[in-house]
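Single-structure report; data block below.
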């Protein structure tokens, strides 16, 4: 590398003229901020200008991404620059995140109803983990700003072979500020009950709906309905006919306690007992020719049975 000496400024004062003392060759370099920083020995300013020229991210953008929770390695990989160049601007923001995480542990939980917990968040977590045989000092804390602009505090710890992560929303204020759990892990490590699930308007727990491929729950017959069915079996001599698929009510469509709709078909008439056959000489016999007969001369479909007198005397009864 050849050594050059400064000759002076150019005609437009925007360049500096340098000369090789051996070959007497002259060179010009721009008189800009980089040259002035080099002349002052400001290495930090030189590194900042190098990032500005080689990276599409400005220092303000780098700090904003670090403050939102990204790491130095992630920002450097996304910008395509060495991690050392990002650390210069990320360092003050990383200190800010660590400071917020430390202050948040001195915050108090303020529930939606009731007074604030007099214990700090760190004391509450230490008491709960100590009761479980764990040490809260082994946990790792971090903080960053969420999309809504509020600080999010995270605590990670290990139990056996399982890793756990809990999040809180932190609002700076007097006496350490206020913290609110953001997930069930945070509520559990604070010793709080799980968050209540959604309930229906009537106050009862919501029942699972029957899906397209599921089956409706089987309807249980009411005692009154079951008694009517047993009475029908006793009278008719057999079980009542079951309704077909077109008229059978589906589960959930009939109100509980209501009676089933009776069958609209015409009920069958009960069969009358056939009278015993008597002889023609029997005064109670009527062949349908009398005034009281209902057959009106219609021939009978059954044979005439002779009486005992005709059988004993061997007399054949004439047919009418």
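Full extension of the chain segment joining residue 128 with residue 147 gains 3.8 nm, where the gain is 0.36 nm per residue of separation less the Cα-Cα distance.
Its residue count N sets the reference 2.2 N^0.38 Å, and the alpha-carbon radius of gyration of region 105-189 equals 1.07 times that reference.
A full extension of the chain between residue 156 and residue 138 corresponds to an added length of 5.6 nm, given 0.36 nm per residue minus the alpha carbon distance.
Rounded to 0.05, the FRET efficiency of the residue 95 and residue 163 pair, given R0 = 22 Å and the Cβ-Cβ distance, is 0.30.
Counting only DSSP beta bridges with both residues in region 105-189, tell me the antiparallel percent, nearest 5. Here the share of antiparallel DSSP bridges comes out near 90 percent. Here the gap between residue 311 and residue 185, fully extended at 0.36 nm per residue and compared with their Cα-Cα distance, gives a gain of 34.8 nm.
Residue 7 versus residue 192, label points 7 Å from Cα toward the beta carbon: distance in nm? About 7.6 nm, to one decimal.
In this calculation the C-beta distance from residue 174 to residue 42 is compared with R0 = 45 Å, giving a FRET efficiency of 0.60.
Computed from the coordinates by the stated procedures, all read-outs in this text should not be read as laboratory data. The structure displayed is predicted, hence computed values, not measured ones. For neighbour counting, all protein chains shown are included, and Cβ atoms are generated from backbone atoms with ideal geometry for every residue, glycine included.
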